[in-house]
Each structure stands twice: as structure tokens, then as C-alpha cells.
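Undergrad: Before anything else, here's the structure in question.
The values are calculated or read from the model by the stated rules, or taken from the named source; none is laboratory data. Only a predicted model underlies this, so the values are computations on that prediction, with no experimental measurement involved. Because the Cβ atoms are built from the backbone with ideal geometry, glycine has one as well, and the counts that use them run over all protein chains shown. Protein only, heavy atoms only, side chains kept; ligands, DNA and RNA dropped before computing areas. Shrake-Rupley method; radii C 1.70, N 1.55, O 1.52, S 1.80 Å.
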Amino acid sequence: SQQGEEDPQALSIQEGENATMNCSYKTSINNLQWYRQNSGRGLVHLILIRSNEREKHSGRLRVTLDTSKKSSSLLITASRAADTASYFCATDANAGKSTFGDGTTLTVKP
Amino acid sequence: DTAVSQTPKYLVTQMGNDKSIKCEQNLGHDTMYWYKQDSKKFLKIMFSYNNKELIINETVPNRFSPKSPDKAHLNLHINSLELGDSAVYFCASSQGKVSGNTIYFGEGSWLTVV
């Protein structure tokens, strides 16, 4: 079965609000990455968090990792219409094999 | 310059046909992948090559045959296409097969089998 599962499947917010997406996984991991996919495009890497890290920031992005709960969250602060996209978590338990979650579709209304 | 490029972007073909999707990366990476994304956006790895050597081969029908003539290219050939093969196929690359390497994706090839 799929390693990562995102929650919620879809999220709709107003511009300026914060968006939080969650990812849960089943087995122990070495690291977890978040990717973004704009409609009709390929995935783009956003941020990586290693298993010994608890929180990481990159601009308006904040990622947390709780290995005891096997979960991660991606927070986008002060969202913009341009943040509208699908967001995927990818776990890397085995070298060279990243397993992607089902994705959260985020819609930011202007 | 496009880092990972794949062609064609759109492909509509009839059941039973054979088709190929080509992929090239100019990032100097030594690992390349093929992923399949279905209509529900579920993304699944199909194959991975490291320095032209097959290292990941998921449960994929043997109608799918990847070919890597050199480490900058990874093509995907599909024989006897079926309706269920309709999906978006993404080529990707990374440097090395070490855990945590960023994967760079192409723009996708939309395959529709009719």
C-alpha cells in the first residue's frame, strides 16, 4: 500500500490565510520531502526534513516531523493565489526509492 | 534550459499500438526514473536507472520496457497499449541513489489510449 497519505485530500482557503497539510506514513524513514505540482506540470521539490530533525523553515513554508507518530505537516503561511497547487509528501525508507503520498489539492481564492 | 525534458507531451493512440516516450536530462545526474500518475494523482515509481543500470523495477507489466542508452537518457517503450495505460508519465532524475536526494521531474507525458 502507499507509504504516505496526505490529509486533507482537498483544501480551499482565502488568500492571506494559512494552509496546513498533513502526511502520515507507515514505516521508518530516513527523510521526508515535500513537493508541489501545479496543474498540468511536473513536481517541484520544496523542502526536505531528515529523520533526526523536528522542524524546518523555508520562506513561508514550515515543515514539522514527528517520527513517533509517523507524521509530518506542511504549513504555508500568508497564502497567495499562486500557491494553488497539489502538494505531495515523499518518504525515503530505501535509498533511491522515494514513495509519494496521494497529495493534497490546495486552492487559494483571491 | 529545461533540466528534464520528455517528449511527446501529449500522445493519443489506439489500443494495441506500441509507443515510446523519450526523456533527457542535462543536470549531469546519474539516476533517472519513470513515474506513473493516474487520474487520482496517485504517483507511483515504475523504474529507476543508475548509470544505465536498472536498480528499481516495480511490479509493472512487461509490456513496459525502459531503455537507457546513456546516463542522460531514459526512454520508455510500451507495447500493446491498453486502456488502463492512460495516465501521465513523468521522467525524473537525481544525483546518486543516496537517501534524501532531490528528484527533478519533467513536465510529464499525457498518454491517452482509446
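Undergrad: Among the residues of segment B:69-79, how many are surrounded by 13 or more Cβ atoms within 10 Å (Cβ to Cβ) and in a strand (DSSP E or B)?
TA: Within segment B:69-79, the subset surrounded by 13 or more Cβ atoms within 10 Å (Cβ to Cβ) is B:71-79.
Cutting the leftovers down to in a strand (DSSP E or B) gives us B:73-78.
Qualifying residue count, segment B:69-79: 6.
Residue-wise test of (1) in contact with an Asp or Glu (Cβ under 6 Å, 6 or more places away or on another chain); (2) more than 11 Å from chain A (Cβ to nearest Cβ); (3) in a strand (DSSP E or B); (4) at negative phi.
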site: B:Lys44; (1), (2), (3), (4): no, no, yes, yes
site: B:Lys67; (1), (2), (3), (4): no, yes, yes, yes
site: B:Leu81; (1), (2), (3), (4): no, yes, no, yes
site: B:Cys91; (1), (2), (3), (4): no, no, yes, yes
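Undergrad: Further question: Out of segment B:93-114, which residues are within 14 Å of another protein chain (Cβ to nearest Cβ), modelled with pLDDT of 95 or more and not in a strand (DSSP E or B)?
TA: B:Gly106, B:Glu107, B:Gly108, listed by residue number.
Undergrad: In segment B:39-50, which residues are open to solvent by 50 Å² or more (accessible area, probe 1.4 Å) and in contact (Cβ under 8 Å) with a residue 24 or more places away in the chain?
TA: Step one: filter segment B:39-50 for residues open to solvent by 50 Å² or more (accessible area, probe 1.4 Å), giving B:39-42, B:44.
Within segment B:39-50, B:Ser39 is the sole residue that qualifies.
Undergrad: Could I ask something else about it? Please count how many residues of segment A:1-23 are under 22 Å from A:Thr77 (Cβ atoms), open to solvent by less than 50 Å² (accessible area, probe 1.4 Å) and assigned to a strand (DSSP E or B).
TA: Total meeting the criteria: 6.
Undergrad: Under the condition of being polar (S, T, N, Q) and outside any strand (DSSP E or B), which residue from segment B:1-20 is surrounded by the fewest Cβ atoms within 10 Å (Cβ to Cβ)? I'd like the intermediate steps shown before the answer.
TA: First pass over segment B:1-20, keeping only residues polar (S, T, N, Q): B:2, B:5-7, B:13-14, B:17, B:20.
Still in the running and outside any strand (DSSP E or B): B:2, B:14, B:17.
Numbers: B:Thr2: 10, B:Gln14: 8, B:Asn17: 12.
Restricting to residues being polar (S, T, N, Q) and outside any strand (DSSP E or B), the top hit is B:Gln14.
Undergrad: Being among the β-branched types (Val, Ile, Thr) and loosely packed, with under 14 Cβ neighbours inside 10 Å narrows it down to one residue among B:Thr31, B:Thr59; which is it?
TA: Details: B:Thr31 fails: loosely packed, with under 14 Cβ neighbours inside 10 Å.
B:Thr59 is the lone residue from the list that is among the β-branched types (Val, Ile, Thr) and loosely packed, with under 14 Cβ neighbours inside 10 Å.
Undergrad: Also, quick follow-up: Being in contact with a helix residue (DSSP H, G or I) (Cβ under 7 Å, 6 or more places away or on another chain) and either in contact (Cβ under 8 Å) with a residue 24 or more places away in the chain or within 19 Å of A:Gln14 (Cβ to Cβ) (or both) is true for just one of A:Leu74, A:Leu65, A:Leu43, A:Leu106. Which residue is that?
TA: Numbers: A:Leu74 fails: in contact with a helix residue (DSSP H, G or I) (Cβ under 7 Å, 6 or more places away or on another chain); A:Leu65 fails: in contact with a helix residue (DSSP H, G or I) (Cβ under 7 Å, 6 or more places away or on another chain); A:Leu43 fails: in contact with a helix residue (DSSP H, G or I) (Cβ under 7 Å, 6 or more places away or on another chain).
Only one candidate passes the filter, namely A:Leu106.
Undergrad: I would also like to ask the following. Can you tell me which residues in segment A:61-82 are under 23 Å from B:Phe105 (Cα atoms) and open to solvent by less than 10 Å² (accessible area, probe 1.4 Å)?
TA: Scanning segment A:61-82 gives A:Val63, A:Ser72, A:Leu74, A:Ile76.
Undergrad: Failed condition for B:Asn26, given (1) within 14 Å of another protein chain (Cβ to nearest Cβ); (2) open to solvent by 10 Å² or more (accessible area, probe 1.4 Å), with all others met?
TA: In the conditions (1) within 14 Å of another protein chain (Cβ to nearest Cβ); (2) open to solvent by 10 Å² or more (accessible area, probe 1.4 Å), B:Asn26 misses (1) alone.
Undergrad: Now for a separate question. Which ones in segment A:24-44 are in a loop (DSSP other than H, G, I, E, B) and either within 8 Å of chain B (Cβ to nearest Cβ) or not β-branched (Val, Ile, Thr) (or both)?
TA: Let us first name the residues in segment A:24-44 that are in a loop (DSSP other than H, G, I, E, B), namely A:26-30, A:38-42.
Answer for segment A:24-44, where residues must be in a loop (DSSP other than H, G, I, E, B) and either within 8 Å of chain B (Cβ to nearest Cβ) or not β-branched (Val, Ile, Thr) (or both): A:Lys26, A:Ser28, A:Asn30, A:Asn38, A:Ser39, A:Gly40, A:Arg41, A:Gly42.
Undergrad: State all residues of segment A:73-110 that are within 14 Å of chain B (Cβ to nearest Cβ) and part of a loop (DSSP other than H, G, I, E, B); if no residue qualifies, say none.
TA: A:Ala95, A:Gly96, A:Gly101, A:Asp102, A:Gly103
Undergrad: Would you please name the residue that is nearest to the other protein chains (Cβ to nearest Cβ), looking only at residues in segment A:45-72 that are under 12 Å from A:Ile29 (Cβ atoms) and polar (S, T, N, Q)?
TA: Selected residue: A:Ser51.
Undergrad: Does B:Lys36 meet the test of being touching a Leu at 6+ places or on another chain (Cβ under 8 Å), open to solvent by 10 Å² or more (accessible area, probe 1.4 Å) and within 30 Å of A:Ala10 (Cβ to Cβ)? Spell out how you get there, then give the answer.
TA: Values: touching a Leu at 6+ places or on another chain (Cβ under 8 Å): yes; open to solvent by 10 Å² or more (accessible area, probe 1.4 Å): yes; within 30 Å of A:Ala10 (Cβ to Cβ): yes.
When the stated conditions are applied, B:Lys36 passes them.
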